[in-house]
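The values are calculated or read from the model by the stated rules, or taken from the named source; none is laboratory data. Because the structure is a prediction, the values reported are computed rather than measured. Backbone-built Cβ (ideal geometry, glycine too); neighbour counts: all protein chains shown. Remember, those area values only see protein heavy atoms, side chains included, never the ligands or the DNA or RNA. Shrake-Rupley method; radii C 1.70, N 1.55, O 1.52, S 1.80 Å.
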Amino acid sequence: MDLTIDRLETVIIDVPLRRPHRFARVAMTAQPVLLAFVHTRDGVVGEGEGVVPGGPWWGGESVESMKVTLDTYVAPLLPGRSVADIAGLWSDISDRVGANLYAKCAVEVALHDAWARSLGVPVHVLLGGLARTSVDVTWALGAEPEEVVVEEALAKLRDGHRSFKLKMGALPPEEDTRRVCAIAEKLADAAGVRVDLNARWDFLTASTYLPRLAAAGVELVEQPVPGEQVEALAELNRLLPIPIMADESLRTPVDALRLVNLRAADVWSLKTTKLGGLRRSRDIAAIAAAADIPCHGGTSIETGIGTAASLQLACAAPGVTWGSELFGPLLFTEEILRTPLSYVDGALQLPDGPGLGVQLDLDAVAALRRQHLTKET
């Protein structure tokens, strides 16, 4: 078998959503996705995905910036190298390109997929083997009015979902808090309710309103304050009787050590996209495990490719014991996999097969492919 890389190919697709998804700052009706393909000389193709939720507001990258970065600076570094040399390639890529973790994730996952496919094994074997074969899935609801959210949640209960995450931060804090408290009370006997502020509130606002959410039955609060304000996050974590989950505060292993030292969050959100890929996610999960902090499989609303990558990681990392939010493929109107990922009773099942365990439907990708760098061109 020849593990030598022949070339890197990137493609942007735009995948429509079943309903608008509203964050604290933006809303989207379609998800732009950057697909990365690593081709080996033996004809094996590894697939990876770069995606941010709703554009560059969250992580500073966009699918457009990812494509330019990968095509211009990363693609020339790969030909002639082995797909198994992931550590060496990561080092050389990072020497050429700082930050850009979403773009790097797309390539890093594609390298793992190509290597595992060449060996005929699942990606989780390259990550240390299985800790589990499925993960529970929390369904994320947008920052919509109470009646809209409750209607969607009740419908998802019939599909086996028993945990929901509500987006907050788009409304004034008093109004937003009343909205979420009302929703939590209506779902109290049927499902768990969590909230995600997307780093929207300051410490004073958070310390004023979060106790009301806890009293209403909200079971977890995700990233109430800006990511760099880790000391404020730690103070809120001490204040609240329910767990705080770190997301925007966690991007690097150094961030992980800071969160441990300050005991700033009781749960960590692992997103392979924001962390730069599978290996850094695995390393951060190990830091969390050493500190007895459970991890949650987070999402940037990926298609089946990115979701399968996160699932491989979640099933290989023993510390991912706080479930996941890997619902992305269920939110799209179009399926880009030949065989969709399987959700059973609110849990995502690990697929069989080499690599990521999934196969792209290239006809579907062609139909969704963006012909120019930007949609306006």
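Out of region 2-66, which chymotrypsin sites (Phe, Trp or Tyr not before Pro) are coil in DSSP terms and have no more than 15 other C-beta atoms within 10 Å?
Here the chymotrypsin sites (Phe, Trp or Tyr not before Pro) that fit, given the DSSP loop and packing criteria, are W57.
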Using a probe of 1.4 angstrom, how much of the accessible area of the chain is carbon and sulfur, in percent?
51
Charged-residue dipole, Cβ positions (Lys, Arg, Asp, Glu), region 76-124 about Cα centre, Debye nearest 20
80
Checked against the positive end of the charge dipole of region 65-188 (+1 on Cβ of Lys and Arg, -1 on Cβ of Asp and Glu, about the Cα centre), the farthest of M168, V149, T133 is T133
Enter the accessible area per residue of region 37-181 (Å², integer; probe 1.4 Å; all protein chains in place).
37
What residues of region 163-182 lie in the reach of a label at L157, counting those whose backbone N is under 14 Å from a point 7 Å from the Cα along Cα→Cβ?
163-164
Compute the Cα gyration tensor for region 179-329, then decide on rounded, prolate or oblate, letting a ≥ b ≥ c be the square roots of its eigenvalues: rounded whenever a/c is under 1.5, prolate when a/b is larger than b/c in the other cases, and oblate in all that remain.
oblate
In the chain, what % of DSSP beta bridges are antiparallel (nearest 5)?
60
Over all alpha-carbon pairs in region 268-343, figure out the percentage whose distance exceeds 16 Å.
44
As a check on your grasp of the helix formula, calculate [θ] at 222 nm for the chain: sum -39500 (n - 2.57) over DSSP H runs of n ≥ 4, divide by the residue count, round to the nearest 500.
-11000 deg cm²/dmol
Out of the trypsin sites (Lys or Arg not before Pro) in region 1-110, which ones are loop residues according to DSSP with at most 14 other C-beta atoms within 10 Å?
R41
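If the only charges are +1 at each Lys and Arg Cβ and -1 at each Asp and Glu Cβ, what is the size of the charge dipole of the chain around the Cα centre, to the nearest 20 debye?
200
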Using Cα positions and a limit of under 20 Å, work out the lysines in reach of K104, with same-chain residues fewer than 8 apart set aside.
K67, K271, K274
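DSSP beta bridges in region 233-377, what fraction antiparallel, as a percent rounded to 5?
Antiparallel: roughly 40 percent of the beta bridges in region 233-377.
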Protection proxy ranking, peptides 232-238, 135-141, average beta carbon neighbours within 10 Å, highest first
135-141, 232-238
So what is the diffusion coefficient of the chain in µm² per second by Stokes-Einstein at 20 °C and 1.002 mPa s, using a Kirkwood Rh over Cα pairs?
103
Angstrom value of the Kirkwood radius, inverse mean 1/r, which spans all Cα pairs in region 25-157
17.1
Under 1.5 on a/c is rounded, so check that first for region 117-267, then, if it is not, pick prolate when a/b is larger than b/c and oblate when it is not; a ≥ b ≥ c are the square roots of the alpha carbon gyration tensor eigenvalues.
oblate
Putting +1 on Lys and Arg Cβ atoms and -1 on Asp and Glu Cβ atoms, find which of V83, G48, V15 reaches farthest to the positive end of the dipole of region 1-95.
V15
Residues of region 181-203 with backbone nitrogen within less than 12 Å of a virtual label 7 Å along the Cα-to-Cβ line of E146, please, listed as ranges.
181-187
For K156, give me every one of the lysines with a C-alpha distance below 16 angstrom, ignoring sequence neighbours fewer than eight places off in its own chain.
K165, K186
Taking the Cβ of I293 as the centre, find all other residues whose Cβ is under 10 Å away and add up their charges (Lys, Arg: +1; Asp, Glu: -1).
-1
Taking 174-183, 27-36 and ranking on average Cβ neighbours within 10 Å, highest first, one gets 27-36, 174-183
Tell me the GluC sites (Glu not before Pro) within region 1-72 that lie in a loop according to DSSP and have at most 10 other beta-carbon atoms within 10 Å.
none
